[in-house]
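Reviewing the structure listed below.
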Amino acid sequence: MAFEQKAQCVLWFHETKLPINVQRAFRRCYGHNPPDTKSIKRWYEKFKETGSVTDLSRSGRPSVSEATVELVRQSFQRSSTKSTRQASRELQILQTSLVRILHKRLRLHAYKVQIVQDLQPNDCPRRAEFAIQFLNRIDIESNYLNRICFSDESTFHVSGMVNRHNVRIWGSENAHASAQLQRDSPKVNVRYGLMHNKVIGPFFFTGKSITANVLNLLQLFIAPQLEEFQPWIMFQQEHPHTGVP
């Protein structure tokens with residue numbers, strides 16, 4: 001609540017001696033819910049003792065020394081990706097205190113790492129060509145997208161590959177950091193198909209989704225489901241990753 005409103009409540013209470021009268025006057029004057037009785041009396045007693053309704057400035061040494069702040073600064077300068085839990089153990093500082101130092105004293109923020117695919121030199125022009133061809137087909141046939149089953153794959157690495165949800169980079173500004181992901185590391189793949197009004201799958205693979213696996217997936221699982229839904233559906237297989245069909 002604003003200082004002026006607290007001061008006005010003190011004046012009303014001094015005049016009327018009744019909190020209910022203060023609350024009625026507050027509602028008429030400011031048009032919203034008034035403070036409770038306990039707050040009104042506390043402000044009045046504080047004004048009698050100190051001559052003000054604001055909190056007194058706190059004296060003494062700060063709760064965290066400059067030396068401790070500098071230790072935290074140096075620790076995250078050496079490794080900006082370490083977790084606050086790890087830094088807490090290394091520096092023997094409570095994690096809550098460490099986070100407070102990072103935010104309030106050092107003005108640092110935790111930025112999330114973005115996982116991107118490790119592209120090859122010829123991938124970009126092939127993707128651009130595919131996008132242009134795709135847009136041209138949509139211009140020719142307005143419901144073209146309704147006839148396509150898009151497929152994609154989510155990869156779960158069993159080798160402890162970085163999880164971007166658990167990785168942060170501490171800094172005063174966003175470094176827009178990214179981590180390249182090698183797609184041939186040990187993993188489990190989950191594949192699914194997405195249509196304009198239907199999801200096909202999911203289907204699970206161990207190892208790499210080589211051509212034989214994809215062919216079996218098409219023949220044994222996806223094709224029967226597509227025939228039941230609409231027999232004229234086309235199936236898109238990883239063209240955004242590998243280039244033009």
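What follows draws every value from the coordinates through simple rules; no lab data is involved. Quantities reported herein were computed from a predicted structural model and do not represent experimental measurements. Glycine also receives a Cβ, built like all others from the backbone with ideal geometry; neighbour counts cover every protein chain displayed.
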Checklist entry - Over 32 Å between Cα atoms, which of LYS82/LYS187; LYS6/LYS104; LYS48/LYS104 qualify? => result LYS48/LYS104
Next on the checklist: Quick check on the exposure proxy: order CYS29, CYS124 from fewest to most C-beta atoms within 10 angstrom.
Outcome noted: CYS124, CYS29
Checklist entry - By the scheme Lys and Arg +1, Asp and Glu -1, what is the net charge of all other residues having a beta-carbon under 11 Å from that of GLN95? => result +3
